[in-house]
Amino acid sequence: MNDLVIYPRKGKMILYGIGCLIFVALGALLFGIGLTESGSDQIKFLIIGGIALVFFGLCMVYWVKSMFKAKPALIINNVGITDQSTYIAPGLIKWEEIEDIDFVQFGGQTYIGIFTKDTDLVVNRSSSFKKLLNRMNKGLLPSQVNIPVKILDCNVEELVEKINKQWVKSGA
């Protein structure tokens, strides 16, 4: 089938895990301060600390799990692009569902943006919490699928060239 399989960079994964650990520790510290404080500040510390603990704790669990589970970030083949690069990744996007592929910028980062013919394709394929996150993501960037290039263990220009060749080859 001649699949192109791209894995995430281990160094980036370790850095993300360390970053999450730092924010979990800060969340725990703020939550701890909230438990010892009294008055209106107590509620602020408890809320901010609790949110940080839950959010970054979940992120850390995801990243640690990803590090030990050697799962490809991207698979490109004659069927389409299978994106597994992030928690809200949509999985397989078939060539005939893609309208355009381009680089998009957000928050100082570069993403490979996949624009689908159906702008609600990714949201409709998601379930529960991922659906909510994909709706929020849809409001931030114009593309429906956003693959962060700095986590990919490959040359990005060569990757885009191979994606475009496969897309043209598919005839979609």
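None of the figures in this text is laboratory data; all of them are computed from the coordinates on show. Since the model is a prediction, treat every value here as computed from it, not as a measurement. Backbone-built Cβ (ideal geometry, glycine too); neighbour counts: all protein chains shown.
If I take R0 = 22 Å and measure r between the Cβ atoms of residue 5 and residue 168 in this structure, what FRET efficiency does the formula 1/(1 + (r/R0)^6) give, to the nearest 0.05?
0.60
For Cα pairs less than 8 Å apart in space and 6+ apart in sequence, what is the mean separation divided by the residue count of the stretch 1-93, i.e. the relative contact order in percent? Numbers along the way, then the final one.
Working: 125 pairs, mean separation 31.7, N = 93.
About 34 percent, as a whole number.
With a point put 7 Å past each Cα toward its Cβ, work out how far residue 96 is from residue 33 in nm, to one decimal.
Here the answer is 5.7 nm between the modelled labels.
When Lys and Arg each count +1 and Asp and Glu each count -1, what net charge do the other residues less than 15 Å away from residue 136, Cβ to Cβ, add up to?
Around residue 136, the surrounding residues sum to +3.
Based only on other Cβ atoms within 10 Å, what is the fewest-to-most ordering of 136, 67, 13?
Details: 136 10, 67 14, 13 19.
Lowest count first: 136, 67, 13.
Using amide H atoms built 1.01 Å from N in the peptide plane, name the residues 5+ places from residue 80, or on other chains, whose amide H lies under 5 Å from its own.
Amide H neighbours of residue 80: 95.
Could you check which residue among 143, 40, 85 shows the biggest mean-square fluctuation in a GNM of the chain with a 10 Å Cα cutoff?
40
Using only alpha carbon positions, build the gyration tensor of the chain, then give the equivalent ellipsoid semi-axes as the square roots of 5 times its eigenvalues, largest first, whole angstrom. Numbers along the way, then the final one.
Details: eigenvalues 262, 64, 32 Å².
Output for the chain: semi-axes of 36, 18, 13 Å.
If you split all Cα-Cα distances of the stretch 9-68 into 5 Å bins from zero, what percentages do you get per bin, shortest first?
Calculated P(r), rounded to whole percents: 4, 23, 24, 17, 12, 9, 6, 4, 1, 0.
At residue 25 and residue 109, where each label point lies 7 Å from the Cα along Cα→Cβ, what is the point-to-point distance in nanometres?
It works out to 2.2 nm between the two label points.
Along the Cα→Cβ direction, 7 angstrom out, place labels at residue 140 and residue 70. What is the inter-label distance in nm?
3.0 nm
Cross-link candidates for residue 130: which lysines have Cα within less than 28 Å, leaving aside residues fewer than 8 places away along the same chain?
List returned: 10, 12, 44, 65, 69, 71, 94, 117, 138, 150.
Two decimals, Cα atoms only, Kirkwood Rh: what is Rg/Rh over the stretch 74-170?
Values: Rg = 12.6 Å, Rh = 13.5 Å.
A ratio of 0.93.
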